[in-house]
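What follows is a set of notes on a single structure, which appears directly below.
The values are calculated or read from the model by the stated rules, or taken from the named source; none is laboratory data. None of these values were measured; they are calculated from a predicted model. Note that each Cβ is placed from the backbone with ideal geometry, even for glycine, and that neighbours are counted across all protein chains shown. All accessible areas refer to the heavy atoms of the entire protein, side chains included, with ligands and DNA or RNA removed. Shrake-Rupley method; radii C 1.70, N 1.55, O 1.52, S 1.80 Å.
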Amino acid sequence: EDPSSSSSTQNCVAPELPGFYYDPEKNRYFRLLPGHNNHNPLTKDSIQHKVMECKRLRLLEEEEKQIQKTTRAGLNSSVLLQKRQLGLLSSTSYCRLVHELKVNCMQRRKIEIHSPDSSVAGTNNFKIIVADVACERIFTVNDVEHGGCKYGIINLSGLGKESLTVEMYDNLYFTNRKVNSVCWASLTHPDSHLCLMGIAETPGCASLLPASLFSSTNPGDRPGMLCSFKISTAWSCAWCLNPQADNCFSTGLTRRVLVTNVVTGHRQTFGTSSDVLAQQFATQTPVLYNGCRSGEIFSIDVRQRNRKGQSWKAIRLFHGSAVTSLHLMEAEHYLMAADMAGKIKLWDLRTTKCVKQYKGHHNEYALLPLHVNEEEGLLIAVGQDCYTRIWSLQDAHLLRTIPSPHPSSKDAIPSVVFSTRLGGSRGVPGLLMAVKQDLYHFSYN
C-alpha cells in the first residue's frame, strides 16, 4: 500500500455518513467539524494527519528492525546469482536487479556536521541541498528563524564506511534572501560558481556567487558577486555547458525567459504565456528546455534572436498540470518531467510522445525536483507527503518508499542527493537526505 494514500478502511466496515467519521478501533461514529478547531480537534485534516503519522511510524519501525521487503516476488541475492550462473539472466538484467536489491537494503545513519563556527551547524532547517557534478560538495540553503535564508557549502570528503562526518562552511554576509532555485555554474573551472534565483525584497533577484566565498577564512579575501540584478520573481535557473552558448545562464521568470551572458552582460528575452517553473540546458546543442505553470514544455535555441509571438519555440509537449521539474537524459533523446498533479512522465523528443509514466509520486503545489541516475537505472523524487520514492528507470516499477525521520509537514519536506561517489571519485555510494536540522546517509552498497 502506498503510504501517501488516505485510509479508506472505514468504508469497508461501516457505511459513510455525511459529517461523521467512523473509528474502527472504537467501533463508533464521531461528528466531524469543518476546518481546524482548537476545542474539538476531530477534523478531516487531523484524521488524515493521524493516519499518515501512524503509517510513517510503522515504516520507520520496520526499517529499524531491518525488515527488508522486496517489491518483486522471489528477488534475493542467492536466487539472482543462481539464475545468472544458469544463463537465465543477461548481464544487463542481472545488474539492474542487483541495483534493486541495493535500494531495498539501504539503511539510514545520521551524519555529524562539523563547522568552524560552532553556532552554525545544526541550528537552522535545511531547505535545499544541491550537489556539484563530482559530488564532492553540496550547496545548502537553510531557513533562519527571523526570516530569509542562509547559504553554505558542505564538504563531503569526510564521508567513509566507518566515519560519517562532514565539514560545513557558512557565510553570514549573504543572508535574508529567499531562494526559489539554485544551480552550480562552471565559469572559471567546473562548478566554480552558484546561480541563485529568488526574492530579495521586491522585485526578485538573480545572483552569481563564487563558490570560494564559502571557504575563505579571511573576510578580507572574500570575492564579490560576479553579477547581481533585480528582476521579476524568478522561479528557476539553469547553466549552459555547451560552448556555443558559453558563460550563459537562464532565468525562468513570470511570463518570460531571460538568458544572460555573465562575461559580456548581453541578455536575451523570450516572452512566454505562462510562468517558467523548470529549466535545463542540453549539452550537445545550445538548446534550453522550459517547463511552465500552464503545463507546457518547450525548447529554445538560444543562438537565434527572439521574435514576437511563439515562432521560436521548437519542441512542444503538454502536461495537464504545472511542470515543476525537468531532466534531460544523457543521449538527449528523452526528457523526464514532473508536474503538480504528481505525474512523472518520460517523453521521447523525437516523436513528442510519452513513453513511460512513473506512478506513486505525490504533489499538489510544491516545486519538487527529480533526481535521475542513469548509471544505476534509478529515478528518485521526494513527494509533498515527505516520502522519498525510488523507481526503476527501465520499467517504471516503484522499488522503495522511504519515510521521513520527522513528522510530515510543509516545512519539513526532505531534500535529497543520490550518487555512487559521495565525496569524490573514491567516495561512498548512497543517498543523502536533509530534513529539518539533520543530514542522513543511506548506504548503497
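Per-residue answers, yes or no, for (1) touching a helix residue (DSSP H, G or I) at 6+ places or on another chain (Cβ under 8 Å); (2) more than 22 Å from E136 (Cα to Cα); (3) not polar (S, T, N, Q):
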| position | (1), (2), (3) |
| --- | --- |
| K359 | no, yes, yes |
| L370 | no, no, yes |
| I380 | no, no, yes |
| I390 | yes, yes, yes |
| L399 | yes, yes, yes |
| S404 | yes, yes, no |
| P414 | no, no, yes |
| L422 | yes, no, yes |
| M433 | no, no, yes |
Report yes if some residue within segment 45-60 is in a loop (DSSP other than H, G, I, E, B), more than 17 Å from C386 (Cα to Cα) and at pLDDT below 75; otherwise report no. no
In the set G252, G342, G360, which member is buried (at least 22 other Cβ atoms within 10 Å of the Cβ), assigned by the TED database to the domain that holds T401 and under 20 Å from the mean Cα position of the chain (by Cα)? G252
Is it fair to say K313 is open to solvent by less than 30 Å² (accessible area, probe 1.4 Å) and of a type in the set (K, R)? yes
Report, by residue number, each residue of segment 145-165 that is assigned to a loop (DSSP other than H, G, I, E, B) and surrounded by 15 or more Cβ atoms within 10 Å (Cβ to Cβ). G148
Mind counting the residues in segment 210-234 that are open to solvent by less than 50 Å² (accessible area, probe 1.4 Å), modelled with pLDDT under 80, within 21 Å of H189 (Cβ to Cβ) and small (G, A, S)? 1
Just one listed residue, out of L89, L81, is within 24 Å of H397 (Cβ to Cβ) and open to solvent by less than 60 Å² (accessible area, probe 1.4 Å), and it is L89
Can P403 be described as in contact (Cβ under 8 Å) with a residue 12 or more places away in the chain and within 23 Å of C149 (Cβ to Cβ)? no
Kindly check whether there is at least one residue in segment 262-271 that is surrounded by 15 or more Cβ atoms within 10 Å (Cβ to Cβ) and either within 28 Å of S415 (Cα to Cα) or charged (D, E, K, R) (or both). no
Within segment 272-283, considering residues that are assigned to a loop (DSSP other than H, G, I, E, B) and among the small types (G, A, S), the one most open to solvent (accessible area, probe 1.4 Å): S273
Taking only pairs six or more apart or across chains, which ones have beta-carbon atoms under 9 Å, a first residue in segment 124-152 that is of a type in the set (A, V, I, L, M), and a second residue that is assigned to a loop (DSSP other than H, G, I, E, B) and open to solvent by 30 Å² or more (accessible area, probe 1.4 Å)? I128/P369; V130/P369; V133/S186; V133/P190; A134/P190; A134/S425; V144/T123; V144/N176
Please give the number of the condition D132 fails out of (1) more than 17 Å from Y440 (Cβ to Cβ); (2) at pLDDT below 90; (3) assigned by the TED database to the domain that holds L367. (2)
